[in-house]
Amino acid sequence: MSANSDNPPYPPELQTASPSVTYNRHRRKTVLPLLLFLATCLSTFFVGASKWSPIAPLATAFGSNPFDVGKWDFFDIRILMLANWDTGLAYMFFVILIIWLHEMGHFVATLIYRVPASYPFFLPLPINPIGTMGAVIAMHGHSADRKQIFDIGLAGPIAGLVAAIPIAWFGVAQLDLTTQPFGGIGFRLPLLMDWFAQWAEVPGYETGDVVWLSQLNPMFVAGWVGMLITGLNMMPIGQLDGGHVTYTLFGKAAHWIAKATMLFAIAFMVYYQTLMMILMVVLLLLIGTEHPPTRDDNVPIGRFRWTIGLASLAIPVFCFPPRIFVIQ
């Protein structure tokens, strides 16, 4: 995910400089991105080792009062990580690879166009079933013109899918849904992974089936997370990757597309009585659904980019599972 920033990651005195001068003189922060990357590696390793059910071991470790440090007990977590280290390591590797490639797609594009940008900020979250909220880079988007924003915005999802698609395929092919499911969380398949399950003739699978905790494998979950993150980022809203694409395609009309998408998301949650997307909806409403202008909105993007851009708007349809999880 890329985001324009009115507070770019370089000194204020350089913000009025030309893009080429600014690019050559600013210094990116390195310590925080590195610490967050390592924390996300640890978070995803732990969640994988917990077999994507991290709440129970965390509750045991921290007890009823997490502020009472003297009663913390990590013995069960150590046993869990030693017993399932291979699952944790495999999941960590595959999911970090997908997210890293996604962010490197954005980052390399900013290097090519000399648009000041930060290193990726990975977002660990060891209390959810996937261990992360993805990653983001901050860039000085006003330094980029229409064509450059298009390329930067779309480079991430394409790079991420290069890894996510084969990882998801091999993960789906390893499923066996004839085994007795247990666990309170089920993973709903996006359309593309549903097709994979049919093509791979997964034992016990019928279209629309849910994959439960006991039936998961590291490549499946990593591919599923890659699909989820890519589909979500390609929503045509604000400064999400899809928002970059729709703004460069349709200009200010993209603001109406973003509003319509937000209304659809809210209506969807009300109709299905689910709050799975509530956090993202609230964050997008706080940040704003409108895309800021580029350095030059009149730069032509050409027929090839128009074609690729229009095709990319279908990514959420194929990659995003609308109801995400089933909780029993």
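Points to keep in mind about this one:
- Any chance Trp195 is touching a helix residue (DSSP H, G or I) at 6+ places or on another chain (Cβ under 9 Å), surrounded by fewer than 16 Cβ atoms within 10 Å (Cβ to Cβ) and under 30 Å from Ile152 (Cα atoms): yes
Residue-wise test of (1) in contact with a strand residue (DSSP E or B) (Cβ under 9 Å, 6 or more places away or on another chain); (2) of a type in the set (S, T, N, Q); (3) under 27 Å from Ala109 (Cβ atoms).
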residue	(1), (2), (3)
His140	yes, no, yes
Leu154	no, no, yes
Ala173	no, no, no
Leu177	yes, no, no
Gly186	yes, no, no
Val210	yes, no, no
Leu213	yes, no, no
Trp224	yes, no, yes
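- From the list Ala155, Ala159, Ala109, the lone residue that is within 30 Å of Pro300 (Cα to Cα), assigned to a helix (DSSP H, G or I), at pLDDT 95 or above and more than 15 Å from the chain's Cα centre (by Cα) is Ala109.
- Residue that is modelled with the lowest pLDDT [pool: residues in segment 249-282 that are hydroxyl-bearing (Ser, Thr, Tyr) and part of a helix (DSSP H, G or I)]: Tyr272
- In segment 171-217, the residues that are in contact (Cβ under 8 Å) with a residue 12 or more places away in the chain and part of a helix (DSSP H, G or I): Gly171, Val172, Ala173, Leu191, Leu192, Met193, Asp194, Phe196, Ala197, Leu213, Ser214, Gln215
- Residues in segment 237-265 that are closer than 20 Å to Phe304 by Cα, without any contact (Cβ under 8 Å) to a residue 60 or more places away in the chain and buried (at least 23 other Cβ atoms within 10 Å of the Cβ): 1 in all.
- Gly48 farther than 26 Å from Val211 by Cβ and in contact with a Gly (Cβ under 7 Å, 6 or more places away or on another chain): no
- All of (1) over 23 Å from Val47 (Cβ atoms); (2) crowded, with 21+ Cβ neighbours inside 10 Å; (3) not basic (Lys, Arg) hold for Gly171 with one exception: (1).
The values are calculated or read from the model by the stated rules, or taken from the named source; none is laboratory data. This one's a predicted model, so the numbers in the text were calculated from it and none came from an experiment. Cβ atoms come from the backbone with ideal geometry, glycine included; neighbour counts cover every protein chain shown.
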